[in-house]
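So the structure is just underneath, and the comments pick up after that.
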Amino acid sequence: MNKNTLASLEYRGGNETKHGMFCANPRQKNMRTMILIAIILLLSCQNGPDTTHLEKDLVHLGTKIPLSDVDGRIDHLSYDQAGHRLFVAAFGNNTVEVVDLATRTRIHTITGLSEPQGVCYIPATGRLVVANGGNGVCVFYDGTNYSEVGRVSLGGDADNVRLDRGRLYVGYGGGAIAVIDPAAMKVLGDLSLKGHPESFQLNDSGRIFINVPDKNEIVVGVTGKVAATAEWKNKGASANFPMALDKKDGRLFVVYRHPAQLRMLDCRSDAVLASSSCVGDADDVFYDARSGLIFVTGGDGYLDVFRGTTLVNHLATRKGARTSLWLPDQRKLILAVPARGGEPAALWVYALHP
């Protein structure tokens with residue numbers, strides 16, 4: 001809406017006619033209100049995802065695995081490829097749910113947790129690490145019998161977890177990423193930040209890219225020196241939570257919540273290569289190198305699939321279903337769907353057509 005249009009809709013009360021368009025009698029006041037609402041709704045529709053390039057039957061919902069007694073928000077997921085097990089951080093339930101994807105059944109529940117957020121299975125040691133937001137503790141479990149084998153206290157709000165070249169990286173607290181030796185269960189160092197880190201990604205050259213929405217920026221660091229080297233300020237968007245990386249072509253995919261937007265950035269700079277509107281309240285984004293597709297899941301209740309920044313699937317899910325996990329070898333996306341409206345929590349399994 002331009003400045004002249006806004007001026008023509010301006011009304012300051014009294015009995016005078018303003019700008020020759022609206023008067024102060026009740027009928028004209030109501031008409032003015034209706035026109036304003038219509039314009040706002042029209043602009044909202046124009047800012048939504050562009051659904052003019054949708055492709056039929058690209059991604060489809062294959063099955064639903066019930067998590068009938070899981071309440072509250074569900075956070076991140078991790079996968080044990082050899083054992084076909086999915087680990088689900090049930091934040092609001094203070095549990096981690098273990099699901100056998102081959103049989104589509106829940107096989108175990110880990111209890112006694114404090115708002116579990118990040119979860120990561122470590123194939124080399126057969127251990128599972130769970131980052132707890134409530135008490136800031138990373139708990140290590142034996143991946144066979146689920147007994148606790150150790151813990152590392154980070155002080156508060158332990159969140160996203162990444163495993164890279166034998167090291168664990170855990171975002172936590174008011175602004176840091178801990179580097180942990182998972183075998184020794186010992187902190188090796190900290191990368192200090194100015195705000196709480198959300199999603200982050202590591203490339204093969206030892207660079208780390210970190211979303212810090214509290215400071216409206218993306219921080220670039222070096223893992224070897226455990227230090228930040230650049231701060232890329234967000235331009236025209238904020239609340240950058242999910243992030244994915246195209247290691248081969250050096251592209252970073254960042255999703256913002258205000259406005260709801262997917263951006264493709266050049267990893268060598270903060271240049272925005274392309275952008276597109278997407279589902280709101282996004283918390284996960286994944287890039288599949290084989291197909292070139294990008295998957296975005298958001299709490300507004302949609303799974304958006306992009307080819308580049310062109311929306312090719314816009315699938316309705318459920319409100320609050322914002323966390324997910326892409327399994328490239330199986331060509332499947334697992335969506336964590338919380339209980340809502342009388343419907344139980346579940347894992348929705350989407351398959352990508354060859």
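The values are calculated or read from the model by the stated rules, or taken from the named source; none is laboratory data. Source: prediction; values computed, not measured. Please note: Cβ atoms are built from the backbone with ideal geometry, for glycine as well, and neighbour counts cover all protein chains shown. With ligands, DNA and RNA removed, areas are computed over all heavy atoms of the protein, side chains included. Shrake-Rupley method; radii C 1.70, N 1.55, O 1.52, S 1.80 Å.
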Next on the checklist: For segment 78-102, give me each residue that is touching an Asp or Glu at 6+ places or on another chain (Cβ under 9 Å), under 16 Å from W326 (Cα atoms) and either of a type in the set (G, A, S) or part of a strand (DSSP E or B) (or both).
Outcome noted: R85, L86, F87, V88, A89
Item to check | Single condition D75 does not satisfy, out of (1) more than 28 Å from G189 (Cα to Cα); (2) in contact with a helix residue (DSSP H, G or I) (Cβ under 9 Å, 6 or more places away or on another chain) | outcome: (1)
Checklist entry - Would you call T309 under 28 Å from G92 (Cα atoms) and in contact (Cβ under 8 Å) with a residue 24 or more places away in the chain? => result no
Checklist outcome for this item: By residue number, the members of segment 256-276 that are touching a residue at least 60 places away in the same chain (Cβ under 8 Å) and closer than 19 Å to V59 by Cβ are S276
Next on the checklist: Yes or no: segment 322-332 includes at least one residue that is in contact with a helix residue (DSSP H, G or I) (Cβ under 9 Å, 6 or more places away or on another chain), buried (at least 21 other Cβ atoms within 10 Å of the Cβ) and assigned to a loop (DSSP other than H, G, I, E, B).
Outcome noted: no
Item to check | Scan of segment 213-257 for residues that are open to solvent by 30 Å² or more (accessible area, probe 1.4 Å), outside any strand (DSSP E or B) and touching a Lys or Arg at 6+ places or on another chain (Cβ under 8 Å), ordered by number | outcome: D214, K215, N216
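This table checks each residue for (1) of a type in the set (V, I, T); (2) open to solvent by 40 Å² or more (accessible area, probe 1.4 Å).
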| residue | (1), (2) |
| --- | --- |
| G126 | no, no |
| N132 | no, no |
| V139 | yes, no |
| T144 | yes, yes |
| L154 | no, no |
| D159 | no, no |
| L163 | no, yes |
| L168 | no, no |
| Y172 | no, no |
Checklist entry - Which residues, counting only those in segment 113-166, are touching a residue at least 60 places away in the same chain (Cβ under 8 Å) and within 24 Å of the chain's Cα centre (by Cα)? => result I122, N160, V161
Next on the checklist: Can you list the strands (runs of 3 or more DSSP E) lying wholly within segment 258-304 that have 3 or more residues being open to solvent by 10 Å² or more (accessible area, probe 1.4 Å)?
Outcome noted: 260-266, 272-277, 282-288
Item to check | L188, sole failed condition from (1) within 29 Å of T125 (Cα to Cα); (2) open to solvent by less than 10 Å² (accessible area, probe 1.4 Å); (3) more than 17 Å from the chain's Cα centre (by Cα) | outcome: (2)
Item to check | Filter result for the condition that a residue is under 19 Å from Y350 (Cβ atoms) and out of contact with any Ser or Thr (no Cβ under 9 Å at 6 or more places or on another chain), over H84, H60, H76 | outcome: H60
